[in-house]
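What follows is a single structure, written as structure tokens, with notes after it.
The values are calculated or read from the model by the stated rules, or taken from the named source; none is laboratory data. Please read these numbers as outputs of a predicted model, since none were measured by experiment. Glycine gets a Cβ as well: all are built from the backbone with ideal geometry, and neighbour counts include every protein chain shown. Protein only, heavy atoms only, side chains kept; ligands, DNA and RNA dropped before computing areas. Shrake-Rupley method; radii C 1.70, N 1.55, O 1.52, S 1.80 Å.
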Amino acid sequence: MAKGYDQHMERKNKVTSFGRELTRRAKSKCELCEATGVSLSVFEVPPVKEEPEIERCIFICDECRAKLDRIKKAKENDFRFLTNSIWSEVDMVRALSIRLLQEMATKYSWAELVSEDLYIDEATEELIKTIKFE
């Protein structure tokens, strides 16, 4: 049991170590909703790989993390910030935002309208395919 705990802690420390670089990249704001002056943490875009990769991590606020934890129960306006984050220069932020927008488009007309007018390049399309929520 101690070995599993040690591995878990080592992995957690690796993910946490991405924080400094992600803070710089995000300019100390949530990479999804752009909230500032709030607590931010590293979020690994699922599925989580055995070895953490900074390319699959984004820096988000607690509110966005809570929304991501309950995507299936999202209310109509919970993810309206996606209309901005789909244009992010960060590949994973853009891919995750588009993936979430596609999910919302199955339920809400505003998201469907935004999705219809969205151009997705091949690289982003491939990245979107790697994102899986349970």
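If r is the Cβ-Cβ distance from D91 to K3 and R0 is 35 Å, what FRET efficiency results, to the nearest 0.05? After rounding, the FRET efficiency stands at 0.50. For G4, the shell of other residues with beta-carbons less than 13 Å away shows a net charge of +1, using +1 for Lys and Arg and -1 for Asp and Glu.
Loop-located trypsin sites (Lys or Arg not before Pro) across the range 23-110 with a Cβ neighbour count of 14 or fewer within 10 Å are K27, K49, R70, K75, R80, K107, with loop assigned by DSSP. Pairs over the 26 Å Cα-Cα cut-off, from the set K72/K129; K27/K107; K12/K107; K107/K129: K27/K107; K12/K107.
The percentage of C-alpha pairs in the range 90-134 whose separation is greater than 18 Å is 25%.
Applying the Karplus relation 6.51 cos²θ - 1.76 cosθ + 1.60 with θ = phi - 60° to the range 20-35 yields 3J(HN,Hα) values of 4, 5, 5, 4, 5, 4, 7, 6, 6, 9, 4, 6, 9, 9, 6, 5 Hz, where x marks Gly and Pro. Taken over the range 1-56, the convex hull of the Cα atoms encloses 90 Å³ per residue.
Converting phi to 3J(HN,Hα) with the Karplus coefficients 6.51, -1.76 and 1.60 and the offset θ = phi - 60°, the range 49-54 yields 7, 4, 9, x, 10, 4 Hz in sequence order, with x at every glycine or proline. Qualifying GluC sites (Glu not before Pro) in the range 60-125, where qualification requires a DSSP coil assignment and no more than 15 other C-beta atoms within 10 Å, comprise E76, E89. The length gained on full extension between S39 and T16, counted as 0.36 nm times the residue separation minus their Cα-Cα distance, comes to 6.9 nm. Placing a label point 7 Å from the Cα of V48 along the Cα-to-Cβ direction, the residues of the range 1-40 whose backbone N falls under 16 Å of that point are 4-19.
Give me Rg over Rh for the chain, both radii from the alpha carbons and Rh done the Kirkwood way, two decimal places.
On the Cα set of the chain, Rg over Rh gives 0.98.
Accessible surface of C57, taken over heavy atoms with a 1.4 Å probe and every protein chain present, rounds to 0 Å².
Ellipticity at 222 nm from helices only: DSSP H runs of n ≥ 4 in the chain, each -39500 (n - 2.57), divided by the residue count, give -14500 deg cm²/dmol. For the range 43-92, the pair-distance distribution built from all alpha carbon pairs, in bins 5 Å wide starting at 0, is 4, 17, 25, 27, 18, 7, 2 percent. Counting only chymotrypsin sites (Phe, Trp or Tyr not before Pro) that are in a DSSP loop and have at most 14 other C-beta atoms within 10 Å, tell me the longest site-free stretch of the chain. Longest run free of exposed loop sites: 1-86. Here the range 54-118 is treated as an ellipsoid with the same Cα gyration tensor; its semi-axes, largest first and in whole Å, are 18, 15, 9.
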